[in-house]
Amino acid sequence: MGIKGLQGFMTKVCPDVCTMVNLKEMAERHRINHPDFPPVIVVDAMSCVRYWYTPESWVCGGQWQEYLANLENFIEAFMAAGIKLVFYFDGVVEEKKRDEWIKRRLQNNKEITRIFQFIKTHRKQPGREMFVIPSALPTFTRFALKSLGQKTICSLQEADFEVAAYGLQHNCMGILGQDSDYLIYNTSPYFSIEKLCLDRLVTVMYSREDLCRVLGLSMTHLPLFACLLGNDIVPESLLEGFWHKCLVIYPVKNKGYSRRTNILLAVANYISKVPCSYGSLKDLENMLPLGSDKTLLYRGMESYLLPGQQSPWIPPNVTNIQMFSIQQETAMCQDKEIFQLAKEQHIQSENYAIFNILSNGEIECSNSLEDECDTEIPGQALIYRPARQHIYSVLLESGKDGAYPFVKEWFVYFGNPLQQPELVQPIQPPVPGGTPNLKTLWFAKGPDVEKQRYSTFLACFHLQDMMEELQALEAPVAGFCCLLTYLILQVNSLSLEDLNAFVALILCLKGKTAAQLAGLQLAQVDSRAVHLGTVFIRGLTTLLMANSACGFPFRMDDLMPWKMFDGKLFQEKYQQSHRGCSLEELLEGSESLYTPFQNVKSFICKACMVKNRTIQSRQRGNGIITGTRQRELNPRFQQTRRTSFVPPYHYQMGVFPRRGPQPQGRAYRSGHPGQRRRFELPPRTMLVMRPKSLKLKGTR
């Protein structure tokens, strides 16, 4: 989180702390001064993603090919200067920071509500002042960087500590991020991602030494300074009385300063007179109103102590305990071989969410760009919960010894106050012949095991009966079909027009460059399409989790959004489909896409018909005027609809409640909390595509 107000304090009050530096020149000096250590910058990726995401469009679900190109350009700029990058991502939310995490998530919900209000009022994206990163951007950034050949590390605790420790232990040239905590740690120099000029490799370096000089402190005072201003461990609410005392002792010298600036100066003045000793720390703990936990200040100080470092505030016989380690005896998974592999894959950013479940049975998902007023589309957390329950079962092998451990979910969705985790019970997936154990899925080899991995993956989405057809498709298309079919089965309000838009999206996306997608202009933005785009992207993370749990029947790279999705292109296809445009227009006049369109659509319709799920036509025209006359239809596109009337059927997996407050702390055993009502649409003609045979890989 950093220290509130410290970054602004340095910029406005003591600009000498902020020095413009040329990273290429620094790298050259580093090579001379440290010939055994090549220049390395360790990157706090979580504080950088919002600066990396520069595509103009951000509400529509993400411009993933543009973003991937941006990351590639970023890496190339440093490589050209001979600088190696090491990227760190948060792998967990530590319990001590859960309250702050919840506070931010609830605040983000309010911001998302304002974004949708703006879109509905103005039918366009808000300005950058309301910017939020696309849903799941940090998750996919990890895999993007890894696919670009970068060293990417997922932390076993909050990443800022591991970033600082890595910089110190590897004698790194610096740390790149935007978190003032890097001024508090005694580690490598701290560079600003916000001030980075990539084409010249120039940015601001913040100097700890100069900050100490301005504040009249020593380097050993900085951790205490941070704790007494409030951080992730010591809450600001406990410090108001102490701040008032400091302000009385150190009167305001410049009335032009903000209250926060005056507090910073007053606290620095106060602690400059405190002897650096453990006894002084105990005196402060007794003075402060820390409530029942008198160790808050001590733990806050200890959190800044890196491996191998000593502090006069902490007894010398106390070793640093920050480096996170899960004891095998207390982990959900008791198999050492499985546990170790999951941990290694987690650190190397090779799997998704698996280690968190196997270690402590807990998982979280941050905010998504979802419209709380659209009661026809449930929160993505609820849509994908049945699939997650099957994934949990695969991982924890529940039911085989009579044990059914709950998994604690901290998933953000409207109606969930996040007062406590929701307890979700694993449910065995309907794998033909029973679910294989993890030893088989993760370590065994041979064609039979590969088939088991694929079948188990599909069973998590209740598509195990479609295995032969899916294996005949290219991997990204198979993953797309799996996700979209599951989504249609789960959300009854998804229509034939929605299906057409999604299928046209993946087909038209192939072959388009990042530049072409960047040049796509939208006349208007549809709020429902924004919501659906987010739900689809979150679905991809569920595919990643299932793929990781089942031993990787797919390459992770085949399940990435830049292979399947583009926000603006989906908006275009959605609006075209819902205003009833021709298939020729939907497929951009490409005859070569006609057969693949029919094949993919027919497969999804067939999979839905097996479950007796009908897909209803429901145009949601938006009145967009394109200014062009509709083209004459190519005769090949005139034979696109062959429909059959089938009776409606209530598919049980697709039952969801209207959005509202959810019961907290209860167990979710059947995949759905309590009695749920499915979303009923007005009675209309039920249209489904008559299934056609699928084309095999490589056919046209």
Point to revise | residue 104 accessible area, 1.4 Å probe, all protein chains in place, Å² to nearest 10 | key: 90 Å²
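What length, rounded to one decimal in nm, is gained on full extension from residue 170 through to residue 437, with 0.36 nm per residue of separation minus their alpha-carbon distance? Walk me through the numbers before you get to the answer.
Numbers: separation 267, 0.36 × 267 = 96.12 nm, distance 3.96 nm.
Contour length minus the Cα-Cα distance gives 92.2 nm.
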**Study point:** Which of 284, 238, 351, positive extreme of dipole for the chain (C-beta unit charges)
**Key:** 351
Check your understanding: What is the distance, in nm, between label points placed 7 Å from the Cα along the Cα-to-Cβ direction at residue 98 and at residue 448?
Key -> 4.4 nm
Review point. Based on the Cβ-Cβ distance of residue 285 and residue 474, what FRET efficiency does E = 1/(1 + (r/R0)^6) give at R0 = 56 Å, to the nearest 0.05?
Key: 0.35
Check your understanding: Under a Cβ-Cβ cut-off of 12 Å, what is the net charge of the residues other than residue 30 that fall near it, where Lys and Arg count +1 and Asp and Glu count -1?
Key -> +1
**Study point:** Proximal aspartates and glutamates to residue 343, defined as alpha-carbon separation beneath 17 angstrom and excluding residues fewer than eight positions away on the same chain
**Key:** 90, 94, 158, 162, 329, 335, 362
Practice item. Calculate for the chain the 222 nm mean residue ellipticity that helices alone would give, adding -39,500 (n - 2.57) per DSSP H run of length 4 or more and normalising by residue count, nearest 500 deg cm²/dmol. Key: -12500 deg cm²/dmol
Revision key, fill the gap. Share of Cα-Cα pairs in region 391-515 beyond 24 Å, whole percent, is 47 percent
Review point. Quick one: length gained pulling residue 84 to residue 258 fully straight, 0.36 nm per residue minus the C-alpha distance?
Key: 58.6 nm
Review point. How much space per residue, in cubic angstrom, does the convex hull of the C-alpha atoms of the chain take up?
Key: 182 Å³
Check your understanding: For region 456-571, with every protein chain kept in place, what is the accessible area per residue (1.4 Å probe, Å²)?
Key -> 21 Å²
Practice item. Could you work out how far helix 594-610 tilts from the main Cα principal axis of the chain, as a 0 to 90 degree angle to the nearest 10? Key: 90 degrees
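Give the Rg/Rh ratio for region 188-334, taking Rg as the radius of gyration of the Cα atoms and Rh as the Kirkwood radius, to two decimals. Please list the in-between numbers first.
On the way: Rg = 18.2 Å, Rh = 17.6 Å.
Result for region 188-334 is an Rg/Rh of 1.04.
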Practice item. Could I have the simple spin-label model distance between residue 619 and residue 293, label points 7 Å from Cα toward Cβ, reported in nm to one decimal? Key: 5.9 nm
Check your understanding: What's the angle, to the nearest 10 degrees (0 to 90), between helix 475-490's Cα axis and the longest principal axis of the chain?
Key -> 80 degrees
Revision key, fill the gap. Long-range amide H partners of residue 190, meaning residues 5 or more apart or on another chain whose placed amide H is closer than 5 Å, are 175, 206
**Study point:** Dipole of region 48-113, positive end: most advanced residue of 70, 53, 106 [Cβ charges, Cα centre]
**Key:** 106
Check your understanding: Taking only Cα atoms, what is the 0 to 90° angle, nearest 10, from helix 447-459's long axis to the longest principal axis of the chain?
Key -> 90 degrees
**Study point:** Cα-projected label distance for residue 128 with residue 11, points at 7 Å along beta-carbon direction, nm
**Key:** 1.3 nm
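Out of all DSSP beta bridges with both ends in the chain, state the antiparallel percent to the nearest 5.
Values: 14 of 36 bridges.
Among the beta bridges of the chain, antiparallel pairing accounts for roughly 40 percent.
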Practice item. Quick one: grab Rg to one decimal and Dmax as a whole number for region 423-477, Cα atoms only, in Å. Key: 12.1, 38
Check your understanding: Excluding ligands, DNA and RNA, what is the solvent-accessible area per residue of region 217-324 at a probe of 1.4 Å, expressed in Å²?
Key -> 47 Å²
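The values are calculated or read from the model by the stated rules, or taken from the named source; none is laboratory data. None of the values given here were measured: they were computed from a predicted structure. Methodologically, a virtual Cβ is constructed for each residue, glycine included, from the backbone with ideal geometry; neighbour enumeration extends over all protein chains shown. In case anyone asks, the SASA skips ligands and DNA or RNA and just uses the protein heavy atoms, side chains included. Shrake-Rupley method; radii C 1.70, N 1.55, O 1.52, S 1.80 Å.
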